[in-house]
1. Pairs please, first residue from segment 184-197 and in contact (Cβ under 8 Å) with a residue 60 or more places away in the chain, second anywhere and assigned to a helix (DSSP H, G or I), Cβ atoms under 8 Å, 6+ apart in sequence or on different chains.
2. Checking the structure you have, find out if any residue of segment 155-174 is assigned to a loop (DSSP other than H, G, I, E, B), out of contact with any Gly (no Cβ under 8 Å at 6 or more places or on another chain), more than 21 Å from residue 245 (Cβ to Cβ) and more than 16 Å from ligand 1 (Cβ to nearest atom).
3. Of the residues 167, 173, 229, only one is among the β-branched types (Val, Ile, Thr) and either within 18 Å of residue 255 (Cβ to Cβ) or more than 21 Å from the chain's Cα centre (by Cα) (or both); which?
4. Which of the following residues is in a loop (DSSP other than H, G, I, E, B) and either under 15 Å from residue 221 (Cα atoms) or of a type in the set (Asp, Glu) (or both): 80, 96?
5. Can you name the residue in segment 16-39 that is more than 18 Å from the chain's Cα centre (by Cα), within 13 Å of ligand 2 (Cβ to nearest atom) and not hydrophobic (A, V, I, L, M, F, W, C) and, of all such residues, is least open to solvent (accessible area, probe 1.4 Å)?
6. Among the residues of segment 228-262, how many are more than 16 Å from ligand 1 (Cβ to nearest atom) and either polar (S, T, N, Q) or assigned to a loop (DSSP other than H, G, I, E, B) (or both)?
7. Output the number of the condition that residue 162 fails; it satisfies all remaining conditions of (1) in contact with a Ser or Thr (Cβ under 9 Å, 6 or more places away or on another chain); (2) open to solvent by 10 Å² or more (accessible area, probe 1.4 Å); (3) small (Gly, Ala, Ser).
8. For segment 40-74, which positions are open to solvent by 10 Å² or more (accessible area, probe 1.4 Å), closer than 30 Å to residue 277 by Cα and not in a strand (DSSP E or B)?
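The values are calculated or read from the model by the stated rules, or taken from the named source; none is laboratory data. As the structure is a computational prediction, the values presented were derived from the model and not from experiment. Note that we place each Cβ from the backbone using ideal geometry, even for glycine, and neighbour counts take in every protein chain shown. Just so you know, the surface numbers come from the protein's heavy atoms only, side chains and all, with ligands and any DNA or RNA stripped out. Shrake-Rupley method; radii C 1.70, N 1.55, O 1.52, S 1.80 Å.
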Amino acid sequence: MTKTTMSVIKADVGSIAGHTVVHPALEEVAVKVLDEARKDGKILDFHVTHCGDDLELIMTHTKGVDSEEVHGTAWKAFEDATTTAKNLGLYGAGQDILKEAFSGNIRGMGPGIAEIEFTERKGECIEVFMMDKTEPGAFNLPVFKIFADPFNTAGLVVDPKGHAGYIFEVWDIFEHKRVKMSCPEEMYSLLALIGAKSRYVIKRVFPKEGHMPVDEPLAAVSTEKLAFIAGEYVGKDDPAAIIRSQSGLPATGEVLEAFSFPHLVSGWMRGSHNGPLMPVGIEDAICTRFDGPPRVAGLGFNIKDAKLVGPVDLFCDPAFDLARQKALEIADYMRRHGPFEPHRLPLSDMEYTTLPKVLKKLEDRFEDIG
Ligand code: F6R
Ligand code: MG
Ligand code: MG
């Protein structure tokens, strides 16, 4: 049976009046490029959207992960959108396009990528989550809760198919190493790593032996670090993730439940501050207050023969109003700290921002205390 692939590829190639929101013209350009690609048989279906200043391309096809044709299509969409952004004089036009020429794979060129190849189930449910003004590790807490916390996911307790638990693939994004950990057996070790979310990030989640193929991920998160590619701060690495749900996996509502707690993530203004992650509908994915606060938007689809059905705007539900209210209260509380930690990130994380340039200027002023 032919497997289906979902590829979510995103980039910030310019936005209106600062780092607020993607201009509709950029989405129109991306739709045009992806429509052509669909006609040429490079992809089978697509949905273009945005989260804050990030242009998000959701594509389905049967070419597997790392397909040159699919990555090339995304690259062309970002290049054309960059041209439009420059013509319109948008802010940060072409920001995440860090390399000149495409040579087969979009990895390491600036955009973020989350991809999953899988065997379609009957009634395949899949959710795409997109975050702005934060980093890949922001997914650690919700993804852990979805696949390992019985207080979040009732299916881990009451569904025999969920009872076995899941395998987490964690990347050390500083050392470029990875490790797989099995939950619930290795839960404490897993948490020892992923609690340090700026370094250890959940890349994928796999099923254990049972009702699903063990080599097909159930979740995948984009983990690209712009600063590592560009060698300097160019913007936060706003991540995207794909999560499959239902029929023995966590239910869509269990997946969403993990986002009802607006946990603190790093990013926000100048990629330098901790703030709450606010779940919002696409219409409210506009980062304004102090360039934030950080947001997560979610779209739910069904997939049939690699074609998308939907989406449903998952956080467009008053049931998330309290989470949003809480996020606003936390945002206010954190802002009162101004330039002080822990609102401002610790120095180790500030290394990847513009602060070191300021500290360098002060270097000569220091004298030994003795
Ligand atoms: C956060 C972000 C913004 C900018 C800030 C300053 O990811 O992109 O908060 O860091 O608006 O932007 P520049 O330096 O472009 O004026
Ligand atoms: Mg930006
Ligand atoms: Mg962004």
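1. 197/137; 197/138; 197/140; 197/141
2. Initial filter on segment 155-174 (assigned to a loop (DSSP other than H, G, I, E, B)): 159-165, 173-174.
Checking which are out of contact with any Gly (no Cβ under 8 Å at 6 or more places or on another chain) leaves us with 160, 163, 165, 173-174.
This time we only want the ones that are more than 21 Å from residue 245 (Cβ to Cβ), so: 173-174.
This time we only want the ones that are more than 16 Å from ligand 1 (Cβ to nearest atom), so: 173-174.
Taking every residue of segment 155-174 in turn, at least one turns out to be assigned to a loop (DSSP other than H, G, I, E, B), out of contact with any Gly (no Cβ under 8 Å at 6 or more places or on another chain), more than 21 Å from residue 245 (Cβ to Cβ) and more than 16 Å from ligand 1 (Cβ to nearest atom).
3. Working: 173 fails: either within 18 Å of residue 255 (Cβ to Cβ) or more than 21 Å from the chain's Cα centre (by Cα) (or both); 229 fails: either within 18 Å of residue 255 (Cβ to Cβ) or more than 21 Å from the chain's Cα centre (by Cα) (or both).
From the options 167, 173, 229, the qualifying one is 167.
4. After ruling out the rest, the residue left standing is 96.
5. Within segment 16-39, the first condition is being more than 18 Å from the chain's Cα centre (by Cα), and the residues that meet it are 16-18, 23-39.
Still in the running and within 13 Å of ligand 2 (Cβ to nearest atom): 16-18, 23, 26.
Add one more test, that the residue is not hydrophobic (A, V, I, L, M, F, W, C), and what stays is 18, 23.
Values: 18: 19, 23: 48 Å².
That would be 18.
6. 14
7. For residue 162, the failing item is (2).
8. The answer is 65, 66.
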